[in-house]
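For reference, the structure is listed below as structure tokens.
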Amino acid sequence: MVQKSPTLLIITGFLIYFICISEGNVGDGTLAPTSSDLLYIKALGPAAILTKMPNITNEFSSRIFNSIRVLPSLKEMAARSMKRSQNNMTRGYFSEISNQSRVPRKASADMLSRNISMILENLLKRYEQSQLPTHGQGVPTVVQTNILIRSMGPVSELDMDYSMDCYFRQYWRDKRLSFKGPIKSLSLSIKMLDKIWRPDTYFYNGKHSQIHMITVPNKLLRLDQNGGILYSMRLTIKATCPMELQNFPMDRQSCPLVIGSYGYINQQLIYEWKNQDDAVSFVPGMTLNQFDLISMMHRNFTTVRREGDFSVLHVAFNLKRHTGYFLIQVYVPCILIVVLSWVSFWIHREATSDRVSLCVTSVLTLSTISLDSRTDLPKVKYATALDWFLLMSFLYCIATLLEFAGVHYFTKLGSGESPQLEDQWEDICIANSLSDHAADADGDGDADADADPFADEGSSDGTENDENEGPVSESIDSKNGVCACNKHDALDLEYEVSLQNSLAGPGFIKRNAIFCPTYNDPSYILPNTMERTTQTEPPAVSRLHQMWMCLKSDNSFRKQRERNAAAQKSEQGGANCYVNSVSLIDRVARVAFPMSFAFLNVLYWWAYGMYKKEFSWSNMKA
């Protein structure tokens, strides 16, 4: 092997270095020889280098030639190295600054958390949970309270209670928990509540209050440097609300909420409202479905119990009921039903079933409305405004039915039936003619008073009627088929018994009334409809005496009225007697009932609608 001089080796090493600079970016540190490599080459010595030196090929020689050709000048190399060094210095400076800032920040956070834990441990080391914050100082502990109401309702009249969803906040100061540090307040876990003292607050009139537990217990505990504690929780409170329902449904109610301590008297614990102007507030847009919140009052006062005097907070929600629902569901239907019952005043009095069924239906409908309206009301001992209105409607419907009973009893004479068959009319006419024969025989003295009135009829074949057509008091109208009798037949009382005995035979139909004034008077028969006019004129006796005799059911007085009516109608005669008249009671009722009902409604709405209950602490139960 040919021996090579050290000079050649040094030149070859420089060439390799320049090749690495030109192709491999020695500044990046990828192909440049490191300090360990140089120490390794120096340790080998010239002999080792020569022994390990690779053979120089043509490709390697060409790469050396190209690198030398494009080799930059020494000035450019110096500028590039200077720029590289400046970049490295800048990068290192900023990384050092960031590391310096990051390390203290992380260290401060860790130190703060360790300090908070140490603070709480030191505070609770000698803390007595059962003692009040002002124990042994001779002053009571003050607990300030405020409420933010999220929703309110429903308000139940049946159970006399109401519900609301609210944030209930309490503030008090416990100097045993005061601390010093950079943090002004600490948000503590609710587990700390089991380690510190807290007030035993409860609701005097509460029924089923509860704390929201989804998704976690809705509680907040915060501690500041001076030992002030904020304890907030979300509650659903269901409290009693004593109601006075005399004016229902135009009533106003005041629903209280009473807050106080269960075991600490006012010498140990005092409750106060925090921010008197904003102690009880509502979420904007909160409404009630059946009431309007017209005002709200709150106060502090002391209540006396068997255990002593206790400090109490009292807030009253003054509510006004909406009447729109009851107007639509109760008042308007009742008024329409009462007005509908008055239609019977314009129905003919002979239509008994129509008038009675209309009045009875109205009463039953009002009964249904009354029962339905009482389902949501408690069984109180007094009548409400709605009860008085329903009672007034009941009375008017029942008075309509009684009015028709009076019309039927006082103005309708006879049995109410009109014979329709020809044989019935003939029997009645024969009976009247027989009574006339008996009267003529008694007046002339030719016949005996005890003679049988049917003897002549049996011996004759009907020719006597043709021969004696003039003196007979009965006549038949060939056009209308109506049998009529003269005036003296209606007033003759001597032969009433004999007529009834004569008609008791099998050939005649019995009637409960005197036949002549009932069936034979033309004024009782309407030519086309065969209806009878039963309206009578008032007799000579007074109306009070007449009503008294009717109420006594005096049959002699009733028959006398029938005879008087028959005599008066037979005197009138003519076509005018066939007009069916209207009862005077119906005429009066058509005007009296609507006017009185309207007047009572005006009084009702004026008394209950204009009444406004004044809310004050004096007339309010604690």
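Structure above, values below:
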{"quantity": "Candidate set from the stretch 123-165 (those that are charged (D, E, K, R) and in a strand (DSSP E or B)); member that is nearest to ASP251 (Cα to Cα)", "calculated": "ASP161"}
{"quantity": "Options LEU257, LEU245: the member that is at pLDDT 95 or above and within 30 Å of THR323 (Cα to Cα)", "calculated": "LEU257"}
{"quantity": "Residue match in the stretch 84-105 (condition: at pLDDT 65 or above, among the basic types (Lys, Arg), over 30 Å from THR236 (Cα atoms) and assigned to a loop (DSSP other than H, G, I, E, B))", "calculated": "no"}
{"quantity": "Residue count, the stretch 349-373 (criterion: open to solvent by less than 70 Å² (accessible area, probe 1.4 Å) and either part of a loop (DSSP other than H, G, I, E, B) or within 26 Å of GLN246 (Cα to Cα) (or both))", "calculated": "10"}
{"quantity": "Unmet requirement for ASP278, which otherwise passes all of (1) buried (at least 16 other Cβ atoms within 10 Å of the Cβ); (2) more than 23 Å from GLY136 (Cα to Cα)", "calculated": "(1)"}
{"quantity": "Failed criterion for LEU269 (all others in (1) touching a Gly at 6+ places or on another chain (Cβ under 8 Å); (2) aliphatic (A, V, I, L, M); (3) at pLDDT 95 or above hold)", "calculated": "(1)"}
{"quantity": "Output for the stretch 220-261, where each listed residue is in a loop (DSSP other than H, G, I, E, B) and either open to solvent by less than 10 Å² (accessible area, probe 1.4 Å) or among the charged types (D, E, K, R) (or both)", "calculated": "GLY227, CYS241, GLU244, LEU245, PHE248, PRO249, ASP251"}
{"quantity": "Residues that are among the hydroxyl-bearing types (Ser, Thr, Tyr) and in contact (Cβ under 8 Å) with a residue 24 or more places away in the chain, drawn from the stretch 274-324", "calculated": "SER281, SER295, THR302, THR303, SER311, THR323"}
{"quantity": "Qualifying residue in the stretch 136-152 (condition: without any contact (Cβ under 8 Å) to a residue 60 or more places away in the chain and open to solvent by less than 50 Å² (accessible area, probe 1.4 Å))", "calculated": "no"}
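Residue by residue, here is whether (1) hydrophobic (A, V, I, L, M, F, W, C); (2) touching a Lys or Arg at 6+ places or on another chain (Cβ under 9 Å); (3) at pLDDT below 90 holds:
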site	(1), (2), (3)
LEU74	yes, no, yes
ALA79	yes, no, yes
ALA107	yes, no, yes
ASP110	no, no, yes
ASN115	no, no, yes
GLY136	no, no, yes
MET152	yes, no, no
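Conditions tested, residue by residue: (1) polar (S, T, N, Q); (2) open to solvent by less than 90 Å² (accessible area, probe 1.4 Å).
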{"residue": "LEU186", "(1), (2)": "no, yes"}
{"residue": "ILE190", "(1), (2)": "no, yes"}
{"residue": "LEU193", "(1), (2)": "no, yes"}
{"residue": "TRP197", "(1), (2)": "no, yes"}
{"residue": "ASP200", "(1), (2)": "no, yes"}
{"residue": "TYR204", "(1), (2)": "no, yes"}
{"residue": "LYS207", "(1), (2)": "no, yes"}
{"residue": "MET213", "(1), (2)": "no, no"}
{"residue": "ASN218", "(1), (2)": "yes, yes"}
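The values are calculated or read from the model by the stated rules, or taken from the named source; none is laboratory data. The structure presented is a predicted model; accordingly, all values stated were derived computationally and were not measured. Every residue, glycine as well, gets a Cβ built from its backbone with ideal geometry; the counts of neighbours run over all protein chains shown. Areas reflect the complete protein model, heavy atoms only, side chains present, ligands, DNA and RNA absent. Shrake-Rupley method; radii C 1.70, N 1.55, O 1.52, S 1.80 Å.
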